[in-house]
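Trainee: Before we start, here is the structure in question, set down as structure tokens.
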Amino acid sequence: MVVFMNDATYVMELKINGTAQEALEQIDTKNYAIPYQGTGLPVVKIGIAFSKETRTVNDWIIEK
């Protein structure tokens, strides 16, 4: 998921029953953030992990 805001571009990867670290690594290995790096705005990468059992966010990592 990519969200464009006035202050930054947020590139997010969501994982169900995975880890936030795995989500962040996928952003890097698949180069999801590269197309947005030349815009003049900071690119913030966010990995989010959801639990299938609790249906809530388990963990998240933000990398600026």
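The values are calculated or read from the model by the stated rules, or taken from the named source; none is laboratory data. Quantities reported herein were computed from a predicted structural model and do not represent experimental measurements. Cβ coordinates were reconstructed from backbone atoms using ideal geometry, including for glycine residues, and neighbour counts include every protein chain displayed.
Trainee: Looking at Asn6, is it exposed (fewer than 11 other Cβ atoms within 10 Å of the Cβ) and either under 10 Å from the mean Cα position of the chain (by Cα) or at negative phi (or both)?
Mentor: yes
Trainee: Output the qualifying pairs, or none if there are none: Cβ atoms under 7 angstrom, residues six or more apart or on different chains, first residue in region 4-22 and among the hydroxyl-bearing types (Ser, Thr, Tyr), second residue at pLDDT below 95 and part of a loop (DSSP other than H, G, I, E, B).
Mentor: So the pair list comes out as Thr9/Thr39.
Trainee: Given (1) of a type in the set (A, V, I, L, M); (2) surrounded by fewer than 16 Cβ atoms within 10 Å (Cβ to Cβ); (3) under 9 Å from the mean Cα position of the chain (by Cα), identify the lone condition not met by Met12.
Mentor: Tallying (1) of a type in the set (A, V, I, L, M); (2) surrounded by fewer than 16 Cβ atoms within 10 Å (Cβ to Cβ); (3) under 9 Å from the mean Cα position of the chain (by Cα), Met12 fails exactly one: (2).
Trainee: Right, something else. Checking the conditions here, which among Leu24, Leu41 is aliphatic (A, V, I, L, M), within 10 Å of the chain's Cα centre (by Cα) and not in a strand (DSSP E or B)?
Mentor: Of the residues listed, the single one that is aliphatic (A, V, I, L, M), within 10 Å of the chain's Cα centre (by Cα) and not in a strand (DSSP E or B) is Leu24.
Trainee: Here is a further query. From (1) exposed (fewer than 14 other Cβ atoms within 10 Å of the Cβ); (2) in contact (Cβ under 8 Å) with a residue 24 or more places away in the chain, pick out the condition that doesn't hold for Gly40.
Mentor: Among (1) exposed (fewer than 14 other Cβ atoms within 10 Å of the Cβ); (2) in contact (Cβ under 8 Å) with a residue 24 or more places away in the chain, Gly40 violates only (2).
Trainee: Taking the options Ile61, Ile46, name whichever one is under 13 Å from Val2 (Cα atoms) and under 14 Å from the mean Cα position of the chain (by Cα).
Mentor: Ile46
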